[in-house]
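I have placed the structure first, in the form of structure tokens, so that the comments after it can refer back to it.
The values are calculated or read from the model by the stated rules, or taken from the named source; none is laboratory data. A quick note: this is a predicted structure, and the numbers were derived from the prediction, not measured. Neighbour counts are summed over all protein chains in view; Cβ atoms, including those assigned to glycine, are modelled from backbone coordinates with ideal geometry. We work out accessible area using only protein heavy atoms, side chains counted, and drop any ligands, DNA or RNA first. Shrake-Rupley method; radii C 1.70, N 1.55, O 1.52, S 1.80 Å.
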Amino acid sequence: MLSFEPYGNPTYFALLGVALLPLMIGLLYGKRSRLYETLISIFFLVLTFGGPKWTQGVALIIYILYEVALTWGYAVYRKHQNSGPIFYLMVILAIAPLAVVKVTPAVENGQASLIGFLGISYLTFRAVQTMMETRDGTLKDYQVMTFLQFMLFFPTISSGPIDRYRRFEADYRSVPDREKYLGMVQKGIRYIFVGFLYKFILAYYFGTMLMPKLQLMAMHARGGFLDLSWPVLGYMYAYSADLFFDFAGYSLFAVGTSYIMGIATPMNFKQPWRSPNIKDFWNRWHITLSFWFRDFIYMRLVFWFMKHKIFKKPTTTANVTYIINMLVMGFWHGVTWYYITYGLFHGCALVINDTWLRYKKKHRASVPHNGFTQVFAIFLTANMVCFSFLIFSGLLDKLWFH
Amino acid sequence: MDIKQTVLDILNDLTGSDVSGAMDDNLFDSGLMDSMGSVQLLLQLQSQLGVNVPVSEFERSEWDTPNKIIAKVESLA
């Protein structure tokens, strides 16, 4: 039986094109066929999770039933009551499968958990978010079928972008007018072609051609200070370029396909390499993830800390929460020393960045701001980010401990 | 108490600068506001005006200029 990585090869794109054609004609004539959309969703889900990966498919089905039961149950409960402990319990239950999947390799010698499947993180983000908005009362009209479509929307199921229930629902329940839809198709097709350039040419060059050679050279050049060498530096840049082009390429495919289906899934990258500071970098890099963390972890924690007056100064609250937020992000990537260090590194970077921004605001007259400082800021930020990706890459782990 | 004036006072206090001369400027783009400032704003709205805004109601693009914030608060008050 056929089995594909999403957007992995030309056959997948050919099938995608054929499957989307009837849907496009329908949207052009102002019609959205729920039945057809559901059928192609199931078709592509079977391609991704069927065949040799059927165990993942089973895990996905059980997981979805579990999350539907939780979110639906909570939505019904929330109509009548609103207890804090029940809400926390439901969130913990919703996160539990993901936590098991993330912790299992660390305690079982790298063995993957049986309940895991491609995309479990991204589905968990969507489910938890739905629950939190239900708790806030901003999401009043939870519908099981919409929730299923939202969770199982096949273009974004494996690695995001992470949409929001209410935003998705608004798109899903309406049909864009012809002019708007043609604009979306045009954009969608352009995104997919830029994605080809990113993923199949640039990421291939950096990731498949360059990185293995540099890694070999770096391993041979061990012995100096902290086993560092010029190839390690080369690897740092090649890895960063690969990470960006691979993931931005994938995201363009996912967003492009969504647009063609008349759903304006939010963008994941916005020229991250021109950020003048780390704070701005997180507004431009893996945006839907960092905004998810901002809205559902950072802001909520800050709100809770300030409401209960845990810290005297707002700056302390902000700093502590930065560190917690980025540490959680580190743990989410996986329970290894280098992912957690990566999170801690970005937490500290945000604290330092914020302190500097406050200083700059206070001493506006004495801090120079011109073309040169701007270029320097961009250069410094890009290099800090690349260094954090070197930590993230795990190369240091190989250099030092293998 | 006038809602507009109260919101402006809160904003001036939070941003450390007078925003009343630039009512349509994006506070996030200019770096005057960030997530921390947003939460402080929500807490101040709650304590000073009794307007309850849950964090998930805070869609940044709807709250990014003084004028938009005032309009939002007036619609919620």
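Here is a yes/no grid of residues against (1) facing chain A (nearest Cβ under 10 Å); (2) hydroxyl-bearing (Ser, Thr, Tyr); (3) touching a helix residue (DSSP H, G or I) at 6+ places or on another chain (Cβ under 7 Å); (4) more than 22 Å from A:ASN353 (Cα to Cα):
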residue: B:PHE28; (1), (2), (3), (4): yes, no, yes, no
residue: B:GLY31; (1), (2), (3), (4): yes, no, yes, no
residue: B:GLN48; (1), (2), (3), (4): no, no, yes, yes
residue: B:ASP64; (1), (2), (3), (4): no, no, no, no
residue: B:LYS68; (1), (2), (3), (4): no, no, yes, yes
residue: B:VAL73; (1), (2), (3), (4): no, no, yes, yes
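Within region A:330-353, residues that are over 13 Å from A:ILE278 (Cβ atoms) sit with their Cβ atoms under 8 Å from residues that are open to solvent by less than 10 Å² (accessible area, probe 1.4 Å) and part of a loop (DSSP other than H, G, I, E, B), at 6+ positions apart or across chains, in these pairs: A:THR336/A:GLY394; A:TYR338/A:GLY394. Could you list, in sequence order, the residues of region A:146-185 that are open to solvent by 50 Å² or more (accessible area, probe 1.4 Å) and among the charged types (D, E, K, R)? If the condition is that a residue be open to solvent by 50 Å² or more (accessible area, probe 1.4 Å) and among the charged types (D, E, K, R), then A:ARG164, A:ARG166, A:ARG167, A:ARG173, A:ASP177, A:ARG178, A:GLU179, A:LYS180 are the ones that fit. The residue of region A:170-196 that is farthest from the chain's Cα centre (by Cα), among those that are part of a helix (DSSP H, G or I) and under 13 Å from A:MET24 (Cβ atoms), is A:ARG178. Each residue in region A:67-86 was checked for being among the charged types (D, E, K, R) and either in contact with a helix residue (DSSP H, G or I) (Cβ under 6 Å, 6 or more places away or on another chain) or not in a helix (DSSP H, G or I) (or both), and 2 pass.
For region A:47-57, check the following and say yes or no: at least one residue is open to solvent by less than 20 Å² (accessible area, probe 1.4 Å), under 21 Å from the mean Cα position of the chain (by Cα) and either over 17 Å from A:PRO6 (Cα atoms) or of a type in the set (Val, Ile, Thr) (or both).
As a first pass, look at region A:47-57 and keep what is open to solvent by less than 20 Å² (accessible area, probe 1.4 Å): A:47-50, A:57.
Next cut, under 21 Å from the mean Cα position of the chain (by Cα) only: A:48-49.
Remaining after also requiring either over 17 Å from A:PRO6 (Cα atoms) or of a type in the set (Val, Ile, Thr) (or both): A:48.
Taking every residue of region A:47-57 in turn, at least one turns out to be open to solvent by less than 20 Å² (accessible area, probe 1.4 Å), under 21 Å from the mean Cα position of the chain (by Cα) and either over 17 Å from A:PRO6 (Cα atoms) or of a type in the set (Val, Ile, Thr) (or both).
Every condition in (1) under 16 Å from A:THR138 (Cα atoms); (2) assigned to a loop (DSSP other than H, G, I, E, B); (3) not small (Gly, Ala, Ser) is met by B:LYS72 except one, and the failing one is (2).
Rundown of residues vs (1) over 23 Å from A:PHE247 (Cβ atoms); (2) more than 29 Å from the chain's Cα centre (by Cα); (3) open to solvent by 50 Å² or more (accessible area, probe 1.4 Å); (4) not aromatic (Phe, Trp, Tyr), yes/no style:
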site	(1), (2), (3), (4)
A:TYR198	no, no, yes, no
A:TYR205	no, no, yes, no
A:MET209	no, no, yes, yes
A:MET217	yes, yes, yes, yes
A:GLY223	yes, yes, yes, yes
A:LEU228	yes, yes, yes, yes
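Within region A:322-343, can one find any residue that is touching a Ser or Thr at 6+ places or on another chain (Cβ under 6 Å) and either within 11 Å of chain B (Cβ to nearest Cβ) or crowded, with 19+ Cβ neighbours inside 10 Å (or both)? Checked against the condition, which is being touching a Ser or Thr at 6+ places or on another chain (Cβ under 6 Å) and either within 11 Å of chain B (Cβ to nearest Cβ) or crowded, with 19+ Cβ neighbours inside 10 Å (or both), region A:322-343 yields at least one hit.
Give me a count of the residues in region A:197-232 that are charged (D, E, K, R) and at pLDDT below 95.
The number of residues fulfilling the criteria is 2.
Taking region A:115-141 as the range and being touching a Ser or Thr at 6+ places or on another chain (Cβ under 7 Å) and within 14 Å of chain B (Cβ to nearest Cβ) as the test, the residues that pass are A:THR130, A:MET131, A:MET132, A:GLU133, A:ASP136, A:THR138, A:LEU139. Looking at region A:268-320, the helices (runs of 4 or more DSSP H) lying wholly inside it that each contain 2 or more residues that are within 13 Å of another protein chain (Cβ to nearest Cβ) and under 23 Å from A:GLN129 (Cα atoms) sit at A:287-293, A:299-307.
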